[in-house]
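Heads up, the thing below is written out as structure tokens.
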Amino acid sequence: MPTRRTEQIGDLLRAELSELLRREMQDPRVGFVTITEVIVSADLRNARVNVSCYGDEAAQAESMRALRGAAGFLRTEIGKRIRLRTTPQLNFQLDHSMEQAERVQRTLKSLAPELAASAARAEEEARKTQD
């Protein structure tokens with residue numbers, strides 16, 4: 001279970017990594033990447049960085065390859081910016097939660113006409129029972 005300290009460090013790492021990706025990374029393979037969450041281990045030696053990538057699967061794989069290749073550079077830069085006894089090892093993982101949320105949203109939109117019709121029928125029945 002994450003402690004308050006590990007959550008704070010995770011939030012700080014997320015902010016610094018986002019800034020580094022936006023300003024310092026020159027690799028064109030990275031593409032449009034969003035850091036969704038950073039989970040730091042209890043001993044502060046490892047950090048799992050969940051990343052959401054825009055694009056098809058090939059673009060996502062290329063972005064992940066670039067991020068994993070730049071992990072050493074990013075770790076060094078974080079070590080310069082954040083005062084920690086040890087800078088956590090960065091492990092990048094693709095986060096599919098945005099895709100799942102989009103899929104649920106599409107499903108709900110496709111069901112909207114049926115839900116509206118069902119609500120209208122229920123309202124009609126309620127009026128009939130009141131009369």
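Taking the condition under 24 Å from Ile9 (Cβ atoms), modelled with pLDDT of 85 or more and assigned to a helix (DSSP H, G or I), does Phe92 pass? Against the criterion (under 24 Å from Ile9 (Cβ atoms), modelled with pLDDT of 85 or more and assigned to a helix (DSSP H, G or I)), Phe92 does not qualify. If only residues of region 3-25 that are within 16 Å of the chain's Cα centre (by Cα) and of a type in the set (D, E, K, R) are counted, the one that is farthest from Arg75 (Cα to Cα) is Glu7. Being over 15 Å from Asp95 (Cβ atoms) and aliphatic (A, V, I, L, M) is a property that does not hold for Leu67.
Here Glu99, Glu123, Glu114 are screened, and the one residue that is within 23 Å of Val51 (Cα to Cα) and not β-branched (Val, Ile, Thr) is Glu99. Filtered by the rule that a residue be touching a Leu at 6+ places or on another chain (Cβ under 7 Å) and more than 19 Å from Phe32 (Cβ to Cβ), region 72-83 gives Arg75, Glu77, Ile78, Ile82.
Out of Thr86, Thr107, one residue alone is of a type outside the set (A, V, I, L, M, F, W, C) and within 21 Å of Glu7 (Cβ to Cβ). It is Thr86.
When Arg75, Arg81 are screened for being in contact with a helix residue (DSSP H, G or I) (Cβ under 8 Å, 6 or more places away or on another chain) and either polar (S, T, N, Q) or closer than 30 Å to Thr6 by Cβ (or both), only Arg81 passes.
The values are calculated or read from the model by the stated rules, or taken from the named source; none is laboratory data. Quick caveat, the model's predicted, so the values are computed rather than measured. Cβ coordinates were reconstructed from backbone atoms using ideal geometry, including for glycine residues, and neighbour counts include every protein chain displayed.
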